[in-house]
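Taking it in order: structure first as structure tokens, then the write-up.
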């Protein structure tokens, strides 16, 4: 069983090398393979088949060069050039009867593969595997039949078994692996495309969510301006707030359209008490609408470095979420604490609270405790801004008793504040 043994060795090497090649291809970033890359790889496999072939006489080589030729011809459409490669390589091993037998087999095969390739891809995956196995079986029969006529082997059963059983099984395995990898790549590309479309949809939802806060505030003050009882200085104050909120909405849109992280255009010293008071003034109409009382306890001093607009955006999101967590009314407590290294901002509500699982998922893209009413992008932006300002967030909550957010940022001593 010398022929069978050598053919099995040939098959083992082919399976290992082609399997490695398929894994490499699957892990390629662009998931594409040029025909020249495929040709070089398959030509190397043909050379390997010749190197590890069984040679009972100087004129004949028993190997599985047929498998890479069929794989390349049926799946990649490079059958004619692979057949020519087989003939050329065989010529280097001697111009003899085996060389002419190779020409007699592979020249017609090149035409068959050229004609079969377009029709092959119209078949289903399972039918493609069956066609590949059937073609291998037919060509193996022709190979052994030619061998029986020209140079009958000492053990005919060995030759027939080696060529009628092993090559079809080997090509079936490799064809199945090829189809599996191909289907896996197609599925991955479909998922990636679906995720991109989903991301576009979520981007639209994110823009809507993030600009709703400043626009809601602006609309509230516009309604107040429509009253004829407002003093002149109040009208000017409200117009300035409206202008600032519209500017915030514009900057938010710009951030999302450029897919940028919270990059700070201007880093300045922020006096925490003053900035939080401005945020509270913006959210006062929303708090009144929900019957929520805002209670503050600010430290006399406390400053940090950051972007004013991003700071406002961050705490408007957090406080608005806290207000909406108290649909029946309640209290929103806002405190600040200061020491030489850190400034802490504590926001506590008396709302519905959250479970541990909900707390652990806060800040994840598209996760919201509001169900279908929220996009989850508000808290994602909060966590992103806090991280960009070198801060941390700690969340504690009990269901039915409310939630507490503790923010810590590196503190600085402002020249406008008294020294402690």
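Some observations on this one:
- Being at pLDDT below 85, over 19 Å from residue 174 (Cβ atoms) and either surrounded by fewer than 20 Cβ atoms within 10 Å (Cβ to Cβ) or touching a helix residue (DSSP H, G or I) at 6+ places or on another chain (Cβ under 9 Å) (or both) is a description that applies to residue 31.
- Reported count of residues in the stretch 135-159, each being modelled with pLDDT under 80, in a helix (DSSP H, G or I) and either touching a strand residue (DSSP E or B) at 6+ places or on another chain (Cβ under 9 Å) or crowded, with 16+ Cβ neighbours inside 10 Å (or both), is 6.
- Taken as a whole, the condition of being within 19 Å of residue 268 (Cα to Cα) and modelled with pLDDT of 90 or more does not apply to residue 298.
- Test: residue in the stretch 303-326 that is touching a helix residue (DSSP H, G or I) at 6+ places or on another chain (Cβ under 6 Å) and over 22 Å from residue 379 (Cβ atoms): no
- Screening the candidates 311, 298 for the property of being within 17 Å of residue 344 (Cα to Cα) and within 42 Å of the chain's Cα centre (by Cα) yields one hit, 311.
- Failed item in (1) assigned to a helix (DSSP H, G or I); (2) over 23 Å from residue 340 (Cα atoms), with residue 315 passing the rest: (2)
- Flag if residue 246 is at pLDDT below 85 and in contact with a helix residue (DSSP H, G or I) (Cβ under 9 Å, 6 or more places away or on another chain): no
- Yes/no for residue 351 being modelled with pLDDT of 80 or more, assigned by TED's automatic domain parsing to the domain that holds residue 287 and in a loop (DSSP other than H, G, I, E, B): yes
- Residues of the stretch 274-307 classified as assigned to a helix (DSSP H, G or I) and buried (at least 18 other Cβ atoms within 10 Å of the Cβ), total: 7
- Residues that are surrounded by 18 or more Cβ atoms within 10 Å (Cβ to Cβ) and modelled with pLDDT of 80 or more, drawn from the stretch 8-28: 11, 14
The values are calculated or read from the model by the stated rules, or taken from the named source; none is laboratory data. Bear in mind the structure is a predicted one, so any value in this text is a computation, not a measurement. Quick reminder, even Gly has a Cβ in these numbers, built from the backbone with ideal geometry, and neighbours come from all protein chains shown.
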